[in-house]
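Comments concern the structure below.
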Amino acid sequence: MKHFLKETDFTRQQVSEVFALARELKAQRGRKTSQVLAQQTWAMIFSKSSTRTRVSFEVGIHELGGNPLFLNKNDIQLGRGETIEDTAKVLSRFVHGLVVRTYEHSELERLAAAGSVPVINALTDFLHPCQIYTDAFTAAERWAGAGGDLLASLQGRKIAFLGDTACNMANSWILGANHFGMKISLSGPEGYAPGAEIDALLSQEGFAGGYHFTHDPFEAVKDADIVYTDVWVSMGKEEESKERIRLMAPYSVTGKVFAAAKPDALFMHCLPAHEGEEVTQEVLDHPRCVIFDEAENRLHVQKAIVATLVARS
Ligand code: CP
């Protein structure tokens, strides 16, 4: 059974195919040309809030001819203590695939191991691969030009990630950048450097030491093609809010910081954004801020991910 739990679950050849299919699906927007999920139901188990991920998957599964079944964790027995393994086995008898947003990455892995249908990671505390594929595609659309090789256009490009450099988005970009042939530099406060878990995964995937970390945000953004940030207080970290905002304030993406990247650099953010914290309004209003293209592309890229998984299963 093939799953999409982390960035490297598709080979580079498959990444290339996912990007090419996403471009095709985007061009066909509104037309139900690909019906790879006809007669299929995909369950979406969400333990955390979501706007982009939930809506883009529901619309995407529908556009591929399938039926999306949204399951809030607290509305099913999983929220009352039924085991992950039993849940996976039962749902596998009813549905053709699972899209899962949860806290512990190990819960996702257990679900995938126990079930018998494909599982897609819709965000865990460790990784958010659907977002990273979408972000990379969004940059590649600009760099490859019409008909150009999307994955090849990422080769050697540099991304600078500022702020909470120990969060799931930072982890995912570290793994994704290495897989896509990009360079990554991260900048955040003391105590928020990328952790042992992502270092271990990088080693396992053959990318040991594949990132640069600095406390100086200007050093990180130098020669960057993409400046990226995420909220400083991720879901589940609300109690640390005050301290995080104090520590991360020097890592806000201001106009001055963004201007220190390459002259044609893109500003990216997975959203939702907290204006005045991790990014200023000036940067959000900048012509090279592509946040809403990223949001839209969630739909096209995830449809391509689902279609590719179905073809492989
Ligand atoms: N970027 C992202 O995953 O957005 P949601 O939390 O709204 O799904």
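Nothing in this text is a laboratory measurement; each read-out follows from the coordinates by a stated rule. On a predicted model such as this, the values are computed, not experimentally measured, just so you know. Cβ sites come from the backbone with ideal geometry, for glycine too, and all protein chains shown count toward neighbours.
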Extend 7 Å from the Cα of Glu239 along its Cα-to-C-beta direction; within region 197-212, residues with backbone N under 18 Å of that point are none
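Count charges around Pro189 for me, please; just the other residues with Cβ under 12 Å from its Cβ, Lys/Arg as +1, Asp/Glu as -1.
Value of the local net charge: -2.
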With -39,500 (n - 2.57) per DSSP H segment of 4 or more residues and division by the full residue count of the chain, the 222 nm estimate, nearest 500 deg cm²/dmol, is -12500 deg cm²/dmol
Hydrophobic long helices for the chain, i.e. whole DSSP H runs reaching 18 angstrom or more by Cα along the axis with Kyte-Doolittle mean at least -0.5, come out as 12-27, 129-144, 291-312
With label points set 7 Å from each Cα along the Cα-to-Cβ direction at Ala152 and Asn67, the distance between them in nm comes to 4.4
From the cross-link list Lys26/Lys73; Lys6/Lys237; Lys2/Lys303; Lys158/Lys237; Lys26/Lys262; Lys26/Lys183, the entries with a Cα-Cα span beyond 25 Å are Lys26/Lys73; Lys158/Lys237; Lys26/Lys262; Lys26/Lys183
Taking a ≥ b ≥ c as the square roots of the Cα gyration tensor eigenvalues, with a/c under 1.5 meaning rounded and otherwise prolate when a/b beats b/c or oblate if not, region 26-66 comes out oblate
Sorting Ser234, Phe258, Leu201 by the position of each Cα along the dipole of region 184-272 (Lys, Arg +1; Asp, Glu -1; all at Cβ), the one nearest the positive end of that ordering is Phe258
